[in-house]
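These notes concern the structure reproduced below.
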Ligand SMILES: C[S@@+](CC[C@H](N)C(=O)[O-])C[C@H]1O[C@@H](n2cnc3c(N)ncnc32)[C@H](O)[C@@H]1O
């Protein structure tokens, strides 16, 4: 028997969000403190944080890289899926965001696992060794994504994960006159990903749409 895909609506997003464990007290407090400091609430959705952690557990990840730390929400969420001797390096351009994230990582249960690196993805990703990383999560400047993918295909090991947020362009993917200046960069990236050799990837309709790919060789 064949099945067609179920059309996903806002109700489905709400439904699945209500059926995931959500944030614990620490992450709830982190978000409140970030808001008080004027840090924008542009972190991943809680169900997406769980999803990323599940994927990392499935591949037994020990070395993870993130581009775009913000307040440290997704970094802490992902780091909790790593073993105690694992390492999650998260790169943040804004000194204010990097400082906030460092302070909260230091208070967290994964203070030994997370390292906040201040700088740009463009500058820091080229410093990582070939095939040395189990998974990368891109969640920063969208125009940088194609370059980040090219670097990631070098430093992620075969069988490792390449994930990137905002495939749905902040909800404006199909808008005729999008207001967000990064929408065209997201569209270009979404068209670029299927052309990357040795990368099998799909958009998962979670949060604002997340690319999940495996480096096949
Ligand atoms: C969407 S937020 C990251 C959210 C975070 N991953 C989370 O879910 O908790 C994007 C962050 O990327 C940072 N950023 C922007 N351009 C960057 C770049 N070129 N390199 C590193 N970080 C950058 C921004 O300052 C911002 O803090």
For the range 151-171: of the residues being surrounded by fewer than 24 Cβ atoms within 10 Å (Cβ to Cβ) and away from the ligand (no atom under 15 Å from the Cβ), which is nearest to residue 118 (Cα to Cα)? 155
All positions within the range 71-91 that are without any contact (Cβ under 8 Å) to a residue 40 or more places away in the chain and either in contact with a helix residue (DSSP H, G or I) (Cβ under 9 Å, 6 or more places away or on another chain) or part of a helix (DSSP H, G or I) (or both): 79, 80, 81, 82, 86, 87, 88, 89, 90
By residue number, the members of the range 180-199 that are under 17 Å from the mean Cα position of the chain (by Cα) and free of Cβ contacts under 8 Å to residues at least 24 places away in the same chain are 190
Among the residues of the range 127-134, is any surrounded by 23 or more Cβ atoms within 10 Å (Cβ to Cβ), within 11 Å of the ligand (Cβ to nearest atom) and more than 13 Å from the chain's Cα centre (by Cα)? no
For residue 182, only one of the following conditions fails: (1) farther than 17 Å from residue 211 by Cα; (2) within 14 Å of the ligand (Cβ to nearest atom). What is its number? (1)
Enumerate the strands (runs of 3 or more DSSP E) found wholly within the range 116-217, keeping only those where 2 or more residues are farther than 30 Å from residue 15 by Cβ. 133-138, 156-165
Matching residues in the range 49-59 - criterion: being assigned to a helix (DSSP H, G or I) and either more than 10 Å from the ligand (Cβ to nearest atom) or closer than 17 Å to residue 30 by Cα (or both): 49, 50, 51, 53, 54, 55, 56, 57, 58
Counting just the residues of the range 96-113 that are in contact with a strand residue (DSSP E or B) (Cβ under 6 Å, 6 or more places away or on another chain) and within 12 Å of the ligand (Cβ to nearest atom), which one comes out farthest from residue 21 (Cα to Cα)? 98
So, of the residues in the range 83-95 that are within 8 Å of the ligand (Cβ to nearest atom) and touching a strand residue (DSSP E or B) at 6+ places or on another chain (Cβ under 8 Å), which turns out to be nearest to residue 60 (Cα to Cα)? 90
Hey, among the residues in the range 33-48 that are assigned to a helix (DSSP H, G or I) and within 14 Å of the ligand (Cβ to nearest atom), which one's surrounded by the fewest Cβ atoms within 10 Å (Cβ to Cβ)? 35
Out of all the residues in the range 16-27, which are within 16 Å of residue 78 (Cα to Cα) and either over 17 Å from the mean Cα position of the chain (by Cα) or part of a loop (DSSP other than H, G, I, E, B) (or both)? 20, 21, 22, 23, 24, 26
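No value in this document is a laboratory result; all are computed from the given coordinates. Only a predicted model underlies this, so the values are computations on that prediction, with no experimental measurement involved. Neighbour counts are summed over all protein chains in view; Cβ atoms, including those assigned to glycine, are modelled from backbone coordinates with ideal geometry.
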